[in-house]
Amino acid sequence: MIGDVDPRAADVVSEIEGAGGRALSVRCDVTDEESVAALSMKHALRHMDAQGSGAVVAVSSILRLVGQTNSAPYSAAKAGVANLVRSAGLEYAPTGIRINADAPGYVETPLTAGLDESVRSQMTARQPIGRLGTPEEVAEVICFLASDAASFVTGAVWSVDGGYVAQ
Ligand SMILES: NC(=O)c1ccc[n+]([C@@H]2O[C@H](COP(=O)([O-])OP(=O)(O)OC[C@H]3O[C@@H](n4cnc5c(N)ncnc54)[C@H](O)[C@@H]3O)[C@@H](O)[C@H]2O)c1
């Protein structure tokens, strides 16, 4: 399920369905309490619990572990996501539901495309691999964590960061 304020989420659903998958897009503003109440992990878990299986993949960040100027609320939230999946992963481990996060480094998305070139150069310089990641590289790990191939993985925060947090 894709919850987004951007109606182009429907295009992503078409792509997934075109490739033989199943998906659903719902207009959801995560700053709106009612939308969050309907789509949050807490509520999804109720349904997964009833069926005795499921996989949740949250998105954290390298900033779960390190600070960055002008990023205090963001880094606090991303550290929260990391520990949320650890604790929830443990709580749900006996139920057949796996809860993990992936934690990207700097990635080429509209979020980073809008930054000054000087800031982007600094980001690239900090990445041991020497470049920003691609959305596809992050998506590969999300798909892995959501799949049965990760059947023994829960409560994990998986770095997808070109080696950033290994420094
Ligand atoms: N790009 C990076 O370098 C980077 C690094 C680490 C972690 N992340 C994380 O990856 C995730 C995706 O980031 P991105 O770079 O693709 O960002 P993005 O800005 O390119 O995309 C964000 C998406 O969120 C949607 N959105 C924005 N406000 C919303 C709201 N109020 N309610 C619902 N949806 C809303 C937008 O429509 C868009 O589809 C985020 O959790 C981000 O923190 C990104």
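The values are calculated or read from the model by the stated rules, or taken from the named source; none is laboratory data. This is a predicted model, so every value here is computed, not measured. Glycine also receives a Cβ, built like all others from the backbone with ideal geometry; neighbour counts cover every protein chain displayed.
Taken together, Val56, Val36 contain a single residue that is surrounded by 19 or more Cβ atoms within 10 Å (Cβ to Cβ) and among the β-branched types (Val, Ile, Thr), which is Val56. Scanning region 69-123 for residues being surrounded by 12 or more Cβ atoms within 10 Å (Cβ to Cβ), away from the ligand (no atom under 14 Å from the Cβ) and of a type in the set (Asp, Glu) gives a total of 1. Any residue that is free of Cβ contacts under 8 Å to residues at least 60 places away in the same chain and basic (Lys, Arg) - is there at least one of those in region 45-68? Taking every residue of region 45-68 in turn, at least one turns out to be free of Cβ contacts under 8 Å to residues at least 60 places away in the same chain and basic (Lys, Arg). Could you tell me whether Arg22 is outside the structural domain of Leu115 (by TED's automatic domain parsing) and either near the ligand (Cβ under 9 Å from one of its atoms) or modelled with pLDDT under 90 (or both)? Considered against the rule, which asks whether it is outside the structural domain of Leu115 (by TED's automatic domain parsing) and either near the ligand (Cβ under 9 Å from one of its atoms) or modelled with pLDDT under 90 (or both), Arg22 comes out as no.
One line per residue, one yes/no per condition, for (1) touching an Asp or Glu at 6+ places or on another chain (Cβ under 9 Å); (2) within 27 Å of Val13 (Cα to Cα); (3) of a type outside the set (A, V, I, L, M):
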site	(1), (2), (3)
Leu24	no, yes, no
Ala77	no, no, no
Gly89	no, no, yes
Pro94	no, no, yes
Ala103	yes, yes, no
Ala113	no, yes, no
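Here is the figure for region 49-68: residues that are in contact with a Phe, Trp or Tyr (Cβ under 9 Å, 6 or more places away or on another chain), assigned to a helix (DSSP H, G or I) and within 11 Å of the ligand (Cβ to nearest atom) total 2.
Taking region 121-152, which residues are free of Cβ contacts under 8 Å to residues at least 24 places away in the same chain and either within 30 Å of Gly96 (Cα to Cα) or under 16 Å from the mean Cα position of the chain (by Cα) (or both)? Within region 121-152, Glu136, Ala139, Glu140, Cys143, Phe144, Asp148, Ala149, Phe152 meet the criteria. The single condition among (1) among the aromatic types (Phe, Trp, Tyr); (2) free of Cβ contacts under 8 Å to residues at least 60 places away in the same chain; (3) over 23 Å from Val107 (Cβ atoms) that Tyr74 does not meet is (3). Consider Val157 carefully, then state whether it is buried (at least 16 other Cβ atoms within 10 Å of the Cβ), of a type in the set (A, V, I, L, M) and under 22 Å from Val66 (Cβ atoms). So Val157 passes the test.
Of the residues Ser159, Ser121, Ser151, which single one is within 17 Å of Gly105 (Cα to Cα), of a type in the set (Ser, Thr, Tyr) and at pLDDT 95 or above? After ruling out the rest, the residue left standing is Ser159.
Scanning region 94-113 for residues that are small (Gly, Ala, Ser) and assigned to a loop (DSSP other than H, G, I, E, B) yields Gly96, Gly105. The residue that is farthest from the ligand (Cβ to nearest atom), counting only those in region 124-140 that are in a helix (DSSP H, G or I) and of a type in the set (Gly, Ala, Ser), is Ala125.
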